[in-house]
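Colleague: Before I ask anything, here is the structure I am working with.
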Amino acid sequence: MIRVKTEEEIELMREPNRIVGDCLKFVGERIKAGMTTKEVDTLVYEFIKASGAEPSCLGYCGYPASACVSVNEVVVHGIPDGRVIENGDIVSVDLCAYKNGFHGDGARTFCIGEVSEEKKKLVRVAEECFFKAIEGLRAGTPLYDIGYRVQQHAEGNGFSVIRAYTGHGIGREMHEDPSVLNYGKRGTGVRLPANAVLCIEPMIAAGGYRVRVARDGWTAITVDGKSAAHYENTLVIREDGVEILTL
């Protein structure tokens, strides 16, 4: 069941989502070759704490870090460790903040140094998929129109859409109904109500869409070893469009 938010609840959600957006910008300005993924996680932890919020990911279902830092072939949920980020890598940083009783969530994929043209295109198209997904999105839109638009744009650019992971509702819980697929049939699915709050997060891959999960139980990796990119924002469905809380 989709948990529709009151205007008062949406006001409370603004701050954690603003913190998420600001933190992603902060990380994007500092991430560079030679850093470890653990050092990126430390940046996230310190920024969120300094903002008066809590990192939602830390301890979530046993997750050991404040951010998911996923390099190249890692699609999502990369656990920060001693892996050194190298020139030519693409790095997805996915993070959540908790404040005022609510969560905010967002992700970006960053190009590190001199990146191949294919990787640049992959990162660009992942972001474009998000904005394609929200074209015409408003109260009454069928849920799977979102995934349809993501899939059409990704596959139209020669990339595949990850099936195993989805976007989601968000609020007092980090993950709420509905699941927001990145593929689907146009005109199908529940019609979205006004004041539903969703995380739309295209995850696309340069090769096939199949993934495997590493022995740590978290790290999701493309089976063919090709790179993947991820872009996410939290938004409110309105009668006449959407309001993006993390931008």
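Laboratory data are not the source of any read-out in this text; all were calculated from the coordinates shown. Predicted model, so just to flag it, every value in this text is computed and none were measured. Using ideal geometry, Cβ is built from the backbone for each residue, glycine included, and neighbour counts are taken over all protein chains shown.
Colleague: So what is the calculated 222 nm ellipticity per residue for the chain, using -39500 (n - 2.57) for each DSSP H run with n of 4 or more, over all residues, to the nearest 500 deg cm²/dmol?
Modeller: Only helices count here, giving -9000 deg cm²/dmol.
Colleague: Using amide H atoms built in the peptide plane, which far-off residues or other-chain residues are under 5 Å from residue 234 H to H?
Modeller: Counting only residues 5 or more places away or on other chains, the set is 105, 245, 246.
Colleague: Which ³J(HN,Hα) values, rounded to whole Hz and listed in residue order, are derived for the range 73-90 from phi using the Karplus coefficients 6.51, -1.76 and 1.60 in 6.51 cos²θ - 1.76 cosθ + 1.60 with θ = phi - 60°, glycine and proline given as x?
Modeller: Here the 3J(HN,Hα) series is 6, 7, 6, 8, 6, x, 7, x, 7, x, 4, 8, 6, 10, 4, x, 7, 10 Hz.
Colleague: Now a separate question. Quick one: which residues, 5 or more positions from residue 56 or on another chain, have an amide H under 5 Å from its amide H? H modelled 1.01 Å from N in the peptide plane, none for Pro or chain starts.
Modeller: Placed amide hydrogens put 96, 97, 98 under 5 Å from residue 56.
Colleague: How large is the translational diffusion coefficient of the chain in µm² per second when you combine the Kirkwood radius over alpha carbon pairs with Stokes-Einstein at 20 °C and 1.002 mPa s?
Modeller: Roughly 121 µm²/s, to the nearest whole number.
Colleague: Could you compute the FRET efficiency for residue 164 and residue 215, with r as their C-beta to C-beta distance and R0 at 22 Å, rounded to 0.05?
Modeller: 0.85
Colleague: Next question. I want to check a number: in the chain, how many lysine pairs have alpha carbons closer than 15 Å, given a sequence separation of 8 or more or different chains?
Modeller: 4
Colleague: Okay, next question. Rounded, prolate or oblate: which fits the range 64-207 when a ≥ b ≥ c are the square roots of the eigenvalues of the alpha-carbon gyration tensor, with rounded for a/c under 1.5 and prolate only if a/b beats b/c?
Modeller: oblate
Colleague: So what J values fall out for the range 162-173 if you push phi through Karplus, 6.51 cos²θ - 1.76 cosθ + 1.60 with θ = phi - 60°, rounded to Hz, Gly and Pro as x?
Modeller: My calculation for the range 162-173 gives 5, 9, 6, 10, 9, x, 6, x, 8, x, 5, 10 Hz in order.
Colleague: A follow-up question, please. With springs only between Cα atoms under 10 Å, which of 195, 17, 100 fluctuates most in a Gaussian network model of the chain?
Modeller: Comparing 195, 17, 100 in a Gaussian network model of the chain, the most mobile one is 100.
Colleague: In whole angstrom, and with the biggest value first, how far do the Cα coordinates of the range 48-120 range along each principal axis?
Modeller: Extents along the principal axes, in whole Å: 42, 20, 20.
Colleague: Quick one: which residues, 5+ away or cross-chain, put their amide H under 5 Å from the amide H of residue 210? H built at 1.01 Å from N.
Modeller: 223
Colleague: Next question. Counting only complete DSSP H runs, which helices of the chain cover 15 Å or more along their long axis at the Cα atoms and score a mean Kyte-Doolittle of -0.5 or above?
Modeller: 7-28, 37-50
Colleague: Under the Karplus relation 6.51 cos²θ - 1.76 cosθ + 1.60, θ = phi - 60°, what is the ordered set of whole-Hz ³J(HN,Hα) values for the range 235-243, x standing for Gly and Pro?
Modeller: Along the range 235-243, the couplings run 9, 9, 7, 10, 4, 10, x, 10, 10 Hz.
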